[in-house]
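Peer 1: Handing you a structure now.
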């Protein structure tokens, strides 16, 4: 068949690169990750030869993903990292049935952190005519980007690309469309534009596949007052807040009596009782304090009727994760510490979300084992939620496949008391756990999405798939700071 994207097969299906979600400066790959990519490229050439197919044909197959993950195992074992691994039979690199037995699944996948930045929105009006925002990003060269004007490449980031990445090239069933921190005047994605994106999916008879958050920063004038409009006009199902962000550069605490508490009281009054809180990934030194999770335990105890979804699980990219240390109030440990100290056990109203966290931990199997292991151990297997922060990382399918295959080593399970990540636990994390806070009935959702036009289009497309294997976010300091410039200096 003819491939529009990457016909020579230069891109790997599992992406290890320096891409960030726009909230932190991209972190270059370590030597182990570079070796992993190198071995995966070599394996792709050899396995394609053995199977008598082109590299591209191999890499769009399940064997291509399996061979890539097996090469990652070999690279990490060579560098002495064996705490976690991708549990695949060796023959999966050349045996489609063996590869599919691990990397394909019928799990219900509910991604509770997705993003879409409108490439033709009002934010472009603030830029000079000659400006070419996002043009340096890899995906700006996609097949959709051929057009009649100098900004045609922006179609590569538009709603059609969003639907392709999320619902065609990945197994995602539902996604929550979340927001970025910004002033009320400078939003890269307004609630109106988000609703328009949802309408595109609805037009595919994909109703209930895309949910909306309402952005609220109570330390910004007008945000609390606007919450009722967001609920009434746009049907938001949760509130998105950044405690480390403020219009003057200073964050806030959810426990603050003049900001956080009025916000939580209003959420309870309006009956939209999910609070998604960005924690970890500080936006510079001034915001570091408020990126910690110290306020989560106290407000979770004070407001048992609210559900607190902790985005990124408090994770800080670039920091290695080890076993939980109660003396270490940073990263994932910060979330666990506030839960433990406030006697919030399993099955609580505090949930850990994996957006960007799992994507970054995929680089380092030891940190991945510790990160996932201690979250499940201390918060419980029912309180860890799937999120990918896509479309910054392109299609989330590689994150899905890597998670399907990942396992904590027996050594780490015995030494640290971590659980084996069984298929049942993975099914919970992939989607079943999110149904409780979002109050969605799985049977109803499966009926709604099982045979809609999105499902039928996906089935037809996958007869001849052509994923691009690109990412959308910045990969270098220059791209990161350019993104800050285009979006008015706000992280995404």
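Peer 1: Can residue 304 be described as over 22 Å from residue 221 (Cα atoms), part of a loop (DSSP other than H, G, I, E, B) and modelled with pLDDT of 95 or more?
Peer 2: yes
Peer 1: So, one more: Counting only residues that are farther than 23 Å from residue 401 by Cα and part of a helix (DSSP H, G or I), how many does region 429-454 have?
Peer 2: 5
Peer 1: Here's something else I'd like to know. Name every residue in region 1-25 that is over 25 Å from residue 63 (Cβ atoms), surrounded by 18 or more Cβ atoms within 10 Å (Cβ to Cβ) and in contact with a helix residue (DSSP H, G or I) (Cβ under 6 Å, 6 or more places away or on another chain), in order of residue number.
Peer 2: Correct list: 22 only.
Peer 1: Another question, if that's okay. Restricting attention to region 28-37, does a residue exist that is buried (at least 22 other Cβ atoms within 10 Å of the Cβ) and either farther than 30 Å from residue 287 by Cα or free of Cβ contacts under 8 Å to residues at least 40 places away in the same chain (or both)?
Peer 2: yes
Peer 1: Within region 441-454, take every residue that is surrounded by 17 or more Cβ atoms within 10 Å (Cβ to Cβ) and in contact with a helix residue (DSSP H, G or I) (Cβ under 9 Å, 6 or more places away or on another chain) and give me the one that is modelled with the lowest pLDDT.
Peer 2: Filtering region 441-454 for residues that are surrounded by 17 or more Cβ atoms within 10 Å (Cβ to Cβ) and in contact with a helix residue (DSSP H, G or I) (Cβ under 9 Å, 6 or more places away or on another chain), the one modelled with the lowest pLDDT comes out as 449.
Peer 1: Out of (1) surrounded by fewer than 24 Cβ atoms within 10 Å (Cβ to Cβ); (2) modelled with pLDDT under 95; (3) touching a strand residue (DSSP E or B) at 6+ places or on another chain (Cβ under 7 Å), what's the single condition that is false for residue 282?
Peer 2: Result: residue 282 fails condition (3) only.
Here is a yes/no grid of residues against (1) part of a helix (DSSP H, G or I); (2) buried (at least 24 other Cβ atoms within 10 Å of the Cβ):
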{"position": "347", "(1), (2)": "no, no"}
{"position": "351", "(1), (2)": "no, yes"}
{"position": "355", "(1), (2)": "no, yes"}
{"position": "368", "(1), (2)": "yes, yes"}
{"position": "371", "(1), (2)": "yes, yes"}
{"position": "376", "(1), (2)": "yes, no"}
{"position": "381", "(1), (2)": "no, no"}
{"position": "388", "(1), (2)": "no, yes"}
{"position": "398", "(1), (2)": "yes, yes"}
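Peer 1: If you scan region 217-258, which residues turn out to be under 27 Å from residue 165 (Cβ atoms), assigned to a loop (DSSP other than H, G, I, E, B), under 21 Å from the mean Cα position of the chain (by Cα) and free of Cβ contacts under 8 Å to residues at least 60 places away in the same chain?
Peer 2: 236
Peer 1: Also, quick follow-up: Under 6 Å between Cβ atoms, at least 6 apart or on separate chains: pull out the pairs that start in region 52-73 with a residue that is on the phi > 0 side of the Ramachandran plot and end on any residue that is surrounded by fewer than 24 Cβ atoms within 10 Å (Cβ to Cβ) and at pLDDT 95 or above.
Peer 2: If the second residue must be surrounded by fewer than 24 Cβ atoms within 10 Å (Cβ to Cβ) and at pLDDT 95 or above, no pairs are left.
Peer 1: Something else now. Kindly indicate which of 464, 468 is within 20 Å of residue 160 (Cα to Cα), assigned to a loop (DSSP other than H, G, I, E, B) and in contact with a helix residue (DSSP H, G or I) (Cβ under 8 Å, 6 or more places away or on another chain).
Peer 2: 468
The values are calculated or read from the model by the stated rules, or taken from the named source; none is laboratory data. Keep in mind that what you see is a predicted model, and the values were worked out from it rather than measured. Cβ: placed from backbone, ideal geometry, glycine included. Neighbour counts: every protein chain shown.
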